[in-house]
Amino acid sequence: MNFTHWLAVIFALTGLGTAIAAAAYWWKASRVPIQQPTASISDLPELHIMSGQVAFYESSQLNSTAAVLTGIAAVLSAVGSVLGVL
């Protein structure tokens, strides 16, 4: 194998690792719990709304990271594919 093929393998494996990391972030984003306040929803509805908003914000941050990692994985895999055919 020449240098270009080794480089293609390195890019492909790095893309795979990045894709797995993105999948882990998306899995974590889907598992963010909504904390249930001990107060009744009729007594403090704003507390229930805020706990949902906190969970949605945390999930969106994890989703953002996962999306960026997915884009990086796609670029790395594409570079690896192009190098593989050279």
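Based on protein heavy atoms only, the chain ends up with 69 Å² per residue of surface accessible to a 1.4 Å probe. What is the helix-to-structure angle for 45-85, meaning the angle in degrees between its Cα long axis and the longest Cα principal axis of the chain, kept from 0 to 90 and rounded to the nearest 10? With rounding to tens, the tilt is 0 degrees.
On the accessible surface of the chain, probed at 1.4 Å, how many percent belong to carbon and sulfur atoms? Answer for the chain is 72 percent, counting heavy atoms of protein chains only.
Taking only the alpha-carbon positions of the chain and ignoring solvent, what does the Debye formula give for the base-10 log of I(q)/I(0) at q = 0.25 Å⁻¹? Per q value, in the given order, log10 I(q)/I(0) is -1.03. The angle between the Cα long axis of helix 3-30 and the main principal axis of the chain comes to about 10°, on a 0 to 90 degree scale.
The values are calculated or read from the model by the stated rules, or taken from the named source; none is laboratory data. Note that the structure is predicted; figures quoted are calculated from it, not measured. In case anyone asks, the SASA skips ligands and DNA or RNA and just uses the protein heavy atoms, side chains included. Shrake-Rupley method; radii C 1.70, N 1.55, O 1.52, S 1.80 Å.
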